[in-house]
Each structure stands twice: as C-alpha cells, then as structure tokens.
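The values are calculated or read from the model by the stated rules, or taken from the named source; none is laboratory data. Worth saying up front: this structure is predicted, and the values here are computed from it rather than measured. Neighbour counts are summed over all protein chains in view; Cβ atoms, including those assigned to glycine, are modelled from backbone coordinates with ideal geometry. Note: accessible area is taken over every heavy atom of the protein model, side chains too, but ligands, DNA and RNA are not part of it. Shrake-Rupley method; radii C 1.70, N 1.55, O 1.52, S 1.80 Å.
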Amino acid sequence: MMMQRANILMPVAIEATFQSQPQRGMATLKAISIRLKSVKNIQKITQSMKMVSAAKYSRAERDLKAARPYGVGAQQFFEKTEIQSEDKTEPKKLLIAMTSDRGLCGAVHTGVARYIRNELAKDDSQTKLFCVGDKSRSILSRTYGKNILMVANEVGRLPPTFLDASKIAHEVLKTGYDFTEGQIVYNKFKSVVSYQLSTLPVYNAPTVEKSEKLALYDSLDSEIVQSYLEYSLASLIFYTMKEGACSEQSSRMTAMDNASKNAGEMIEKLTLTFNRTRQAVITRELIEIISGAAALN
Amino acid sequence: MTNAWRAAGLTYIQYSNICARVVRQSLKANLRNDAAKRNETHVKFTPWANGKPARRATEEA
C-alpha cells in the first residue's frame, strides 16, 4: 500500500517512454533533463517531508505514552463490568472513524475506511458514521454518504489536545442519534514500522446500567454513570486520536522514505539514459562531420 | 441528587473542561504558557444529512 502511494508520486510508466525515445532525435535530450530535474525536485520534497514527519513522530510518540493511561483506564471499566449490548433485535450502531485531514501517509486512512466499508456492507440501514478527519469523509462519502452523521475536520495539522477530543465527544453525544452500540475505529500504534487497525466499544447509559456486574462498583447512581460515560468517551477519543496521530506520522515517515528511495532509483536510471543519449548525439555528430570531410576529399 | 451544572444543561465533558480552564488560568506565569497550549482546539464540525453537508461548519466553544 505504501509503495502504491509512492508510485503515484513517480509514475514508473514514464521510464518506458524514455527508453524507446533516444532513436527519435535530439529533442529527447532536453526532455530527459526536464524530467530529471522534476524527479530531483520530488525527491527533495519527499525527503524534507520525511524529516518533518520524523520530528512530529517523536513528539507524537512522547504524547502517546502520556495518553495511554486514559485509554487503558477507560477500557478497564468496560472489561470489568462485562457489558454487552442486550438490545440485539434493533441495534443502532455508530462507527467513529479516527483519521486525519492529511494524506501521503501510506494506508492508515484507507485501512480505517476499509474496515468501516466492510461493516457497512453487512448492514447499512442501522449504522451511522461519525467521521473524524477529512480523509475518512472523502473515502466514505461517495458510497456511504447517507450514513454520515457528522464530519469533524481540521484534525491532524496540530497534535490532538484533550479539548479537541472532548469537543468531538460532546458532538457525538449531542447528535441526537441514540446509538445502542458504538465503535471507535482507529489505528493502534505498535512500533515505528507497524500499526494495527483496532476498534474500541462505546456504550450508552441504559446498556451500562443493565449490566449485571455493575454492582462491582459501589454507590453508583444513574447520574454518576452518565457523567462517567461522558468522560470516558472523551478519554477514549483522546486516546485513539493520539494512537492514530502516532501511527500516521510513523507511516508517513516510512512512505516518504520509500518515495525518496524510488525517486533515487529513477534519478539513477534517468541520468544513465541522459548520458547515453548525449553520447549518442555526440557520436552521430562526429560521424556526420567525419563522413562529410571524407566526402570532400 | 442533581448537580447544578447538569441542571444547567451542561454535560460532564463541558463541566470538567470549564474546571480545567480555570485551573490553567490560575497557574503561575511560567507554567501558564505551557498549559495554555493544551487549551486550544481547532476542530470544526459539519453535520451531514442525506449524503450531503447540511450546513456550514460550526465553531463552538
């Protein structure tokens, strides 16, 4: 997938046309040098993008370490109470897609979108989408535009803050769509070179209150449960945003590294073709001059 | 038992964010600058209906 991205930047097809051209005449020399220059520029761009994302990545990873407890803590509650959505007859689902506005980062966004598309392919009548980031919107709006409830953009330019997350959580709660089971779809960061598509469950208050193991927790009334669920939604969103941002930057680093490598390969090949063509032109001119001189004698 | 902020129509998220903002504002000057960065948000929302954006992006505190 990353390689595909890189190939969009530098279409390999161009090479083929150049290999067949040298016989056609002098103009190719100029054409090759123009192409060479543009590929060199692309390489410069991808290299600097790599540097930028490397710096952003190290910051995102540091942030993620601090944000992990938010997510783990919030998940613990759901695991301990063993909540399950009981209302199987008419489940109203909500999928929250955690992506960002920025592209050129391998398959992080397409992975999220593909998971959601597969979910929607099963049953799209009772499922709504909350897209965080323009990328998931642009991928999903064509086929499942009717399922989109809300789009949040301006995500990914700056590292996500808790305030961003709480605003998103607030919008999720106030959309008026009363979901019985929700899922946050995000990329979980594993290492610099890998991330994994994961989901986190989200429940609404009635489902939580029906759970039998809720008695594990002392003195809970519906007020506290509601407040806690609101807060835990914000925490989970914050956590998944951080995971997503970190995966995105690491993936962009790899993607840009590959793109620079591909550009390097192209530059090598083009330089070779350029030199060969130049040599051929010189040789031809020499032949013309020598044969002209020989004819005069 | 209903809390005053709940009765005023706030969610816990809004309530806790207001508290957080007050705490940040009451920090000493050298710490406040750092904390102020955490008090920013740029996310914009666009509600969708029937496969189209329903109205322009709204900015809300």
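What to note about this one:
- The charge dipole of the range A:57-252, taken about its Cα centre with unit charges on the Cβ of Lys, Arg, Asp and Glu (plus for the first two, minus for the last two), comes to roughly 1040 debye.
- Gyration tensor (alpha-carbon) shape descriptor, the range A:57-252, a/c threshold 1.5: oblate
- Antiparallel beta bridges, as assigned by DSSP with both residues in chain A, represent about 40 percent of the total such bridges.
- Furthest towards positive pole of dipole, A:Phe162, A:Gly176, A:Thr81, structure part the range A:57-252, Cβ charges: A:Phe162
- Rel. contact order, % - alpha carbon contacts under 8 angstrom, at least six apart, chain A: 31 percent
- Highest mean first, the peptides A:208-221, A:51-64, A:143-156 sorted by other C-beta atoms within 10 Å per residue fall in the order A:143-156, A:51-64, A:208-221.
- Shape call, the protein assembly as shown: gyration tensor on alpha carbons, a/c limit 1.5: prolate
- Each helix, a run of at least 4 DSSP H residues, gives -39500 (n - 2.57); summed and divided by the residues of the protein assembly as shown, these come to -21000 deg cm²/dmol at 222 nm.
- For chain B, accessible area per residue (1.4 Å probe, heavy atoms of protein chains only), Å²: 72 Å²
- Computed from the Cβ-Cβ distance with R0 of 22 Å, the FRET efficiency linking B:Val22 to A:Phe77 stands at 0.25.
- Entries of A:Lys242/B:Lys37; A:Lys92/A:Lys188; A:Lys135/A:Lys167; A:Lys188/B:Lys28; A:Lys37/A:Lys242; A:Lys210/B:Lys52 with Cα pairs more than 27 Å apart: A:Lys188/B:Lys28; A:Lys37/A:Lys242; A:Lys210/B:Lys52
- A simple charge model with +1 on the Cβ of Lys and Arg, -1 on the Cβ of Asp and Glu and nothing else charged puts the dipole of the protein assembly as shown at about 1640 debye relative to its Cα centre.
- Sulfur and carbon atoms: percent of accessible area, the protein assembly as shown [1.4 Å]: 55 percent
- Per residue accessible area of chain A, 1.4 Å probe, in Å²: 51 Å²
- Once both labels are positioned 7 Å from their Cα atoms along Cα-to-Cβ, the gap between B:Asn3 and A:Ser138 label points is 4.0 nm.
- Counts of other chain beta carbons within 10 angstrom of each beta carbon in peptide A:226-233 average 4.
- Placing +1 on each Lys and Arg Cβ and -1 on each Asp and Glu Cβ, with no other charges, gives chain B a dipole about its Cα centre of roughly 80 debye.
- Length gained on full extension, A:Lys122 to A:Leu214: 29.9 nm, using 0.36 nm per residue less the C-alpha separation.
- Protection proxy ranking of A:176-186, A:66-76 - average other beta-carbon atoms within 10 Å, highest first: A:176-186, A:66-76
- Average Cα contact separation per residue, the range A:148-212, under 8 Å, 6 or more apart, as relative contact order %: 24 percent
- Across peptide B:34-45, the mean count of Cβ atoms from other chains lying within 10 Å of each residue's own Cβ comes to 6.
- Based on Cα contacts under 8 Å between residues 6+ apart, chain B shows a relative contact order of 17 percent.
- Total accessible area lost when A and B pair, probe 1.4 Å, Å² to nearest 100: 2600 Å²
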